[in-house]
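See below for the structure under consideration.
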Amino acid sequence: MLNKIKHFLSKYAYIYLPIGTLLCLAGFIGSYLFPNEVLDTYKVNVTEEEGDMEFVQYFTGAENEIGYIMETDGRAMKGFQIGISKNGQALEGTELVYRVYALNDENRNHALTEGEVPNENEELSNEESFDNNNVSEIDEYLAEEVDISSMTLLGEEVYDLGACLDGQYPYLPFGNELCTGKIYITLTYRANGNTEPAPGIFMNHSEILHVATYVDGKKMDGNLKCYYIYTHDTYPFLYDSRVMFCILLAATACVAFPAYSKKKEVTKSDEEN
Amino acid sequence: MKKTKRHIIAVLLIIVLASLLEIVVFNRDVINSPYTFLRFNVADNEDQTHAASGYTMQTEVVDYLSPLTEEETNEIKVRQDNERILAEYRGEEYKPVYDENIVVGDDGTLYRKFKQMDISLDLGGDYYIKKLKLEAGLDTFGGFLVEAYRDDQLVKDNMYCSVDPKIDAGVMYVGCHADHLKIVLSSEDILSQDDIRIEISAQVNFSLLRASFFAVLLFAIYVLFFAGKEIWSVLHKKPEWFFAIFALMLGGLIIEGLGTNMVSYDEYAHAKSAYKLSFGTTIETTEAAMQMVGNTLPYFNNPEERELIEAYEDMINDPDYIAPDIGHQTRLPRTETRVYYPMAAGFYLGRVLHVGFADMMELARLGNLLCYIFIVFFAVKKAKGYQMLVAAIGLLPNNIFVASSLSYDMLVNACLLLGYVLLVNEILTSDEKIKPSNAFLMLFAFMVGCLSKPVYIIMSLMLLFLPKKKFQNRISEVVFKAALLGLNGFMLYNIFFPTPVAGGDYALVTNNAYAGDKRNIGTSTMGQLKYVLENPLTYAKILLDSMFSMLADYTVRKQSYITYAYMGSANYLINWVMIGLGFFAALFANVKTSMGKVMGALTHLMNFGVVAIVFSSMYISYTPVGNPKILGVQGRYVIPLFLPFLSCFLGWGIRKYEKTDKQGFIVKCRQRLSVLPAVYERVILGVMMAVSLWMTYHLIILTINV
């Protein structure tokens, strides 16, 4: 039986090896052309430092707004995850409204840009630090108060709070592909006639570099606990298809193709005749 | 029929003899013992069976500072350096933090604060003590030192045993008569006399592992010396089966002997990848698995401790006792991760069968071993005339040990061996066309072997030197060689620009500034590359110095090569025994022709190139920038090059004999040797088995299984 399989494989190698090679080549090219987009999650301030305790910043009304200034890492941010306390309620129909604004030059902290000279040591450390850490320019936007009127609205989305569990960190996707650079994210809630107590957002007292959290436009001590969600392209079959292409091509090169062999035999017999 | 009966009787005799040997060698001192065990300082509310009477115990507690070992200090420094890098990455200020029990001396030396309890135990009579067990409810690691006295005379001293807080006990082998014990217990915890329980024992303990060891030893002796011509004829014709049987026996002893002790190279890191891979997209990490991947599972030093540890592991592996951690992963594992499938299969099987945690780890190791045996079996079978050379390399203790551990090096060693066997076959049969199936299998084996260590793919470049007559025509030769270069290029390209296939690693694979082995301080891939490019001559000197220094270490500077990783090594002289055996196996192999001078020279050049690249990769990724020595290169990294090197000696003298009809010494010996029944095969198998069994006995049986 084994010999029959071996014989079959060897007899038809001239068919399946070239086909396999071409399939791998197609996979190789296809992997480049159609990459797989995956979510890429980064924890930010999720774990408390020693001595710190998390707390919930509850919304006090529909106008109450929690804001967050940050800078993306050069890629467009696809969304973020925040911890939601539903205060033990179901909150069916209640919506969390989140908006993303782009910060403009007018939002710079003028006290720093006009009056102060950046510390020399700080500049040096920024130069020495690695590229993706060099986001200190955002610090100039972390003023004590923010003025939303001078910002550009990039998008507004809503999330049904009835869909998540109490204490969960649901994924809040940003609809706009342009959520990149220095951005301000605001969170408000819409009760939609629901009389249950208002929800809240998990925070802690940690001071995180290059970000700031605001309540009703005023900077607060402590920050949101959240995850930043980006995406990046992966090429799941690229490695396999390119190495298998080479291996199958090499094996194909060793095949005695019947057409070629017959031609050779005919030429030989002609020469003999 | 008569011969089969003889073999069956021999096997039965081996089993009986092995059991007798286990009792005589390891239990003869306690066969006539008047007691089994006695417990001291038993509280009134505890089980009073075997409680000792007529004894006195006195204790005294003192404080002291103990300097940390170089290893412990380095571990703290590496951790702090990695924390500093992480803080820098996050843009935070870094301040070194020490454990509360660590004191920094004026000169920067680190000390650990300890409490020392001196225990004086008058046993109230003369006892033969085989084992001493000390139970103490500790929160941190501790240890005790024992001195045994008889008639006020010191009988045995400097007996040390650690106490792991996870099992709250330590057991040590004493093996002498005593009537008084002085015990010094060191710990960071505050203890009183009531927290201590001491137990002495002298009971017969039949170990299946030790009996199996004797059975393997006797079986090997029988096969090599008494099995008869029929068996030896099979050995001569099909040595791959003997390789498989002996490798399974040796590996089985190692797996069973090691239990959950992780003593191979970076075993916990490999365990982590294999364990994760054994799940689909949702990973359930139990507390036991978490301790396994964090390398914090307790280690045992004897069967009694092993029993306590395995019970502890089963307890924390129970999801009802501690809820497992739930994680997620992509359905498509990274390329480098696929090498863990044989181990992952073992973990998966263990979970499905609901076996204990230790058994699950052993199944994972067994998966690795079986995969190794399967691939090398095929390599031995495929070797044309030099099967025993391949079998000898396959049975090398280093290889068997790695194959019996949680490590991807098994696949590197096995697949490169198979790939190179097929390559040597092509070189030795220069008149035959290369078959598509051989070309596929050879390159596939090289590719799989290089998944985790891509630099070895350079070995396959020897195929570039195959003559034109090996191919169908000129075009097929050009296509084959271009595809080979493409394969090499793609695999090497992946070292510098790996293809990300899963989320979360984007920042790492796209940021060369962070590349560098974090087990060492001061590493930076980009920084080191810059240094090498700026100082090419200095680097050439560093490279050659390091390469020849390692060669000298293993040949003249008395450094052992044959090792069982962190369990220890064989004597340095075994290096030379192995070198001699390698040459013997190559020179007297039953091949029809030799490789030729040109191919031989090219092979040595390839070997040199691969070694230089291995050293260079360690310099770039593992060695601090500008260091005058290359760090981290281990002897095992050249194991895949043994066959290429020894293949140059295959068929020595044959070409000269064919041309001049003059038989050289080697050719004459080869012909005489072939007359005797499988003596060539028996010598090689005998030496490999003797070395492996000796190492297993000394490094695994005597060290942690007595």
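The values are calculated or read from the model by the stated rules, or taken from the named source; none is laboratory data. Keep in mind that what you see is a predicted model, and the values were worked out from it rather than measured. Reconstructed Cβ throughout: ideal geometry from the backbone, glycine too, with neighbour counts over all protein chains shown. Remember, those area values only see protein heavy atoms, side chains included, never the ligands or the DNA or RNA. Shrake-Rupley method; radii C 1.70, N 1.55, O 1.52, S 1.80 Å.
Structure above, values below:
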read-out	value
Per principal axis, descending, Cα span of chain B in whole Å	91, 78, 49
Cα-centre dipole for the protein assembly as shown with unit charges at Cβ (Lys and Arg positive, Asp and Glu negative), debye to 20	10100 debye
Among B:L422, B:P397, B:G294 - extreme Cα towards positive end, dipole of chain B, charges at beta-carbon	B:L422
Reachable aspartates and glutamates from B:K668, criterion Cα separation under 15 angstrom, eight or more residues apart if same chain	B:E658
Distant alpha-carbon pairs in the protein assembly as shown (separation over 43 angstrom), percent	50 percent
Centre separation in Å (Cα based) which lies between segment B:287-362 and segment B:187-262	23 Å
Angle between chain B longest axis and helix B:597-621 axis [Cα atoms, degrees, rounded to 10]	40 degrees
Label point distance in nm, A:D233-B:D320, each placed 7 Å from Cα along Cα→Cβ	5.2 nm
Long-range amide H partners of A:I201 with built H, under 5 Å	A:Q57, A:Y58, A:F59, A:S85
For residues of B:380-387, the mean tally of beta carbons on other chains within 10 Å	0
Selection of trypsin sites (Lys or Arg not before Pro), segment B:297-347, meeting DSSP coil and at most 15 other Cβ within 10 Å	B:R331
All lysines inside 21 Å of A:K218 as judged from Cα atoms, apart from same-chain residues fewer than 8 positions distant	A:K182
Alpha carbon convex hull of segment A:36-234, volume per residue in cubic angstrom	136 Å³
10 Å Cβ neighbours from other chains, averaged over peptide B:437-446	5
Two-site FRET efficiency, B:R84 against B:I190, from Cβ-Cβ distance with R₀ of 41 Å, rounded to 0.05	0.75
Residue-normalised accessible area of segment B:306-372, expressed per residue, 1.4 Å probe, Å²	50 Å²
Buried solvent-accessible surface, both chains (B, A), 1.4 Å probe, Å² to nearest 100	3300 Å²
Probe 1.4 Å, accessible area per residue of segment B:37-201, Å²	55 Å²
Per-residue SASA entry for B:I326, accessible area with 1.4 Å probe, Å² rounded to 10	90 Å²
Separation of alpha-carbon centers, segment B:649-689 and segment B:87-140, rounded to whole Å	60 Å
Positive-end extreme of charge dipole, segment B:37-201 - chosen from B:Q48, B:Y127, B:T59 (charges on Cβ)	B:Y127
Portion, in percent, of the accessible area of the protein assembly as shown that falls on carbon or sulfur, probe 1.4 Å	58 percent
Residue mean of other protein chain beta carbons inside 10 Å, A:235-245	6
Test item: Cα-centred dipole of chain B, Lys/Arg +1 and Asp/Glu -1 on Cβ, debye	6340 debye
D (Stokes-Einstein, µm²/s), Kirkwood Cα radius, segment B:602-653, 0.692 mPa s at 37 °C	265 µm²/s
Charge-dipole axis of segment A:36-234 as Lys and Arg at +1 and Asp and Glu at -1 on Cβ define it, positive-most pick from A:T231, A:V146, A:F59	A:F59
Lysines whose Cα lies under 17 Å from that of A:K6, excluding same-chain neighbours fewer than 8 positions away	B:K381, B:K382, B:K435
Computed over segment B:1-70, Cα set: Rg, Dmax in Å	24.9, 74
Largest-first principal axis extents, alpha carbons of segment B:553-706, Å	57, 46, 21
Segment B:37-201 - charge dipole about Cα centre, Lys and Arg +1 at Cβ, Asp and Glu -1, debye rounded to 20	460 debye
Accessible solvent surface per residue of segment B:225-277, calculated while the other protein chains remain in place, 1.4 angstrom probe, Å²	40 Å²
Radius of gyration and Dmax over the Cα atoms of segment B:32-145, both given in Å	22.1, 70
Euclidean distance of C-alpha centroids, segment B:565-588 and segment B:601-625, integer Å	23 Å
Listed residue pairs exceeding 18 Å between alpha carbons, taken from B:K470/B:K659; B:K237/B:K592; B:K453/B:K597; B:K133/B:K156	B:K470/B:K659; B:K453/B:K597
Cα pair count fraction exceeding 16 Å, expressed as % - segment B:91-168	67 percent
